Structures are given as C-alpha cells and as structure tokens.
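Accompanying notes for the structure given below.
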Protein chains: 2
Amino acid sequence: MNLLLLTRDDLVPPDRACIHDSRRLRHLHEIHRASAGEELTVGMTDKGIGRARLLELEKDCAVFEILHLDTPPPPPLPLHLLLALPRPRMLARSLENIATMGVKRLTLLHTARVEKSYWQSPELQPERIEAHLRLGLEQARDTILPTVDFQPRFKPFIEDRLPGTIAGHRALLAHPGVGESCPRGLPMDSPVTLAIGPEGGFIPYEVQQFQALGFEGIHLGPRILRVETAVVSLLSRLF
Amino acid sequence: MNLLLLTRDDLVPPDRACIHDSRRLRHLHEIHRASAGEELTVGMTDKGIGRARLLELEKDCAVFEILHLDTPPPPPLPLHLLLALPRPRMLARSLENIATMGVKRLTLLHTARVEKSYWQSPELQPERIEAHLRLGLEQARDTILPTVDFQPRFKPFIEDRLPGTIAGHRALLAHPGVGESCPRGLPMDSPVTLAIGPEGGFIPYEVQQFQALGFEGIHLGPRILRVETAVVSLLSRLF
C-alpha cells in the first residue's frame, strides 16, 4: 500500500475521515507505525491526493483531519480493455494489475474458450472486484476506480454494442500469430480499445468478428504468455 | 503447459523418453487427453523442439519415441537481470515470468531493503527454483533453462564482480524518479544488464554505487509497480 485510499463512507463532514477496516488499520499500525499527530499522504476515491493529520489511532479505528486533496492522481491510460473473463484466481491478480497500470474502463467478456462456470465465481461480486481494484490503486498511488462491465453473451455484445464503443478508437486485437508486432509508445491522447482473449485464445470465428469491425491483429512474438502477464506486457508496450 | 518439456533424466537412449512425475502425467491425461499412438510436440531441456510419438500412457508413466528435435526455441533476451531478492511468494511468480519472457541470466541480489530472512526461504533451493523456471519455459514453449546465481553480499558483488560482468553491456538501473523514461525496443543483438530493486527500492547509497559503475537510471513513470509487475513491464518496454 503506497497510498492510504479513503472512500466516501470514511468521510465525516466537514473535514474528518474515520477508518474501521482491519486491512488499512493493520497497515497504519504495523507497516506505517503511525502515531497520533503525524501527517500522512492520503487519497480520496475518485478525487485528488493530499495530506491528512492522524488525530487518533486505536485498535479498531483511525481518525484523520483532511488538510488538502489538491494533487491530481497520475494520468490514466486512454484505453478501453476488453478482456475475456479469466479463471477466478487469475482475474483477481489481473484486476490488481489493471488498476495499477491506469486502465479506467474494463469489459469482462464471454468467449468460446471461457468456461461458463467462471461467470458463477464469487470473485465477480462487485465488492470483490472493487477490493482488488483498490489494492491496485493503492499500489500505484491512484485514486480513480476503473469502471467494470460484464458481457456474458459474445454475439449481442460484438454485433450491437461494440461498434458504438469503438467509434473514434484505434481498435487492437491481441492474438498470437495474427497481424503485426504490438506497436510501441502510442500517444496518450488517442483512445484505444484493446481486446485480449482467454487462455487458449479467441476462436477463428471470434477473430473474424473483431477484424470485420476494424480491429487490427497484434502479437508479442513467439512466446505465449499467461493472461495476467500478457495484460501487463501489452499495456507496457502500447503506452 | 504449452510444451511438454523433457529433461535429461527422462531420456532412455537411443530415442525414448519416459516420464513419471504426476504433474506432467496429469497434464497428458486430463488436459491433453492424450492416447497411445498420438504424436505430440515436445522440447528437450537446453536443446530443440520437435515431435514425439506416445507409445504408452499409464497412470504412473508415459513412454515416448522421440522423432526429431530440430526446431530451435524462441530467441532469448540479450539480458542479464539483477533482481533484489523478492519475498518468497513473489519470487516464485517472478521466476516463472522471467523464464517465460526469455531471460537467460538472473542474479538474485541482497540489498539494504531485502529482508535477511528471505535468504533462508525454502524457495531458494535449486530444485524449487528450477521447478518455477520450468513452468515458465513450458508456458513460453522455450527449452533453455536460465542460469541463476545468488549474491547475498551487496558490497563485494558490486565492487568486485559487477564491473567485469557489465563490460560491453548497456547497464540500466530501474528506480522510480531517477533518470530517463524506460527506453523502448532496444536491439536484440546488444547486451543489456538491468538492475531492479526490492519493494521500497534501492537506498541512495546503492543507487550511487550503480551509477558510479555507469548504470543509467530509468523509470516507468509516476505509478509504483509491484516487483513482479515491474519485471514484466520493464522487459516488455525494453525489448
């Protein structure tokens, strides 16, 4: 945790915040070894970063006076990520990495090689998703929660919804052996939609559907990466 | 597992291989659903990739006839990676990623912010290290095991050994806030040494020591990444 990230629920107007959850409290006690009177860097979810003074630190609560929140978080990636729903354990780590790297819009998508059972995983509960995203934001010292939507039906999504969402975007399809080598250092002011398949990849029909919408195939060379590694590798190459 | 990677111990001269371990057998039975007579792609550790015919598949062994091994593995990265010893759980995942991405030379290094207890971890046993590296190779369809050496004393390493090993290399030090933005797309025929610090980073004295040897500071922007993410991100940007 490189940033203590406050939520709206922590706020006690006009200028106090109070946290009760064991995770952040443990961090204050054990890692930060904070004590009352100390100033800390804090962020407010979906707002800025600034300083707060720790007024009280008990076993079960910490009370802060927020001094200011006027530093903007690091710039987001200009990216809409379409990710075939990974297996639950991999989803958790991928969500953390996605938030850490600055993705602000994520669509989790069903494809032919996504096991249907993954859609029943408790990891898809909104509070679980948000918990992983928060870990990623705290790591990167970011405050802006990504939005996540679920598309459990491939065909209606790609036929009816995707054409509208990629208007004005450069649309890229990461798929081993298709198209060109992944581009490098894209401009941060041009929106990109990037589709990443499941373990085993997209099936040929899906690749055709994306290509028919204008997606350019890109690849990372002969090595096949795990999905969570591919996400980091693609984002690091592209931006 | 995208490649069944054989070891020297599996070989039964002149042209047979026999595997007994539950991990690879389970893969053949459950994922690959292989059956006798079938041809499979196999790799031989530190040699090439080719085809083998499955002669027998039992619960506790599989026997292959090796048909050929004449395809070279994917090209390695021209990189010597110096990595401050990560915490054991992160080491395991980092080793897998390092092998998957094609690093062939890894030095695990002590620095001021590496906890001394990490050097006692059972994860540092050679067979544990090799097991993680093999998982990474199987993922990437590579056969060449990276070499790993341990440098539990920073000062003698950096003063006496490192100057010789970086001769002819471009030497890079990944450290938040130091130097230039991480370069992109370096040539694959020029050797690079890349140093990556522990959680919390190198201390100023260590940064100075590296810089005195000619290491260029590079960074990935304002976001602080976990070590395992930083490794993938840096390698993906550099090559």
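Brief remarks follow.
- Where Cα atoms sit under 16 Å apart: lysine pairs in the protein assembly as shown separated by 8 or more or lying on different chains: 4
- Pairwise burial B:A, computed as accessible area of each alone minus the pair, summed, 1.4 Å, Å²: 2300 Å²
- Qualifying trypsin sites (Lys or Arg not before Pro) in the stretch A:58-117, DSSP loop, other Cβ atoms within 10 Å at most 13: A:K59
- Mean accessible surface per residue for the protein assembly as shown, computed with a 1.4 Å probe while every protein chain stays in place, in Å²: 45 Å²
- Taking the Cα centre of the stretch A:107-186 as origin and assigning +1 to Lys and Arg Cβ atoms and -1 to Asp and Glu Cβ atoms, the resulting dipole is close to 200 debye.
- Relative to one another, the C-alpha centroids of the stretch A:103-137 and the stretch A:1-46 are positioned 26 Å apart.
- Sulfur and carbon atoms: percent of accessible area, chain B [1.4 Å]: 52 percent
- Interface residues in the stretch A:119-150 - accessible area drops by 10 Å² or more relative to the isolated chain, probe 1.4 Å: A:Q139, A:A140, A:R141
- DSSP-assigned coil residues among trypsin sites (Lys or Arg not before Pro) in the stretch A:124-197, each with at most 14 further Cβ atoms within 10 Å: A:R153, A:R184
- Rounded, prolate or oblate (a/c below 1.5 giving rounded, otherwise prolate when a/b exceeds b/c) for the stretch A:79-238 by Cα gyration tensor: rounded
- List of the stretch B:198-224 residues, accessible area with partners at least 10 Å² below that of the chain alone (1.4 Å probe): B:P222, B:R223, B:I224
The values are calculated or read from the model by the stated rules, or taken from the named source; none is laboratory data. Remember, predicted model here, so these are calculated numbers, not experimental data. Positions of Cβ are generated from backbone atoms using ideal geometry, with glycine treated the same way; all protein chains shown enter the neighbour counts. The area values use the complete protein model at the heavy-atom level, side chains included, leaving out ligands, DNA and RNA. Shrake-Rupley method; radii C 1.70, N 1.55, O 1.52, S 1.80 Å.
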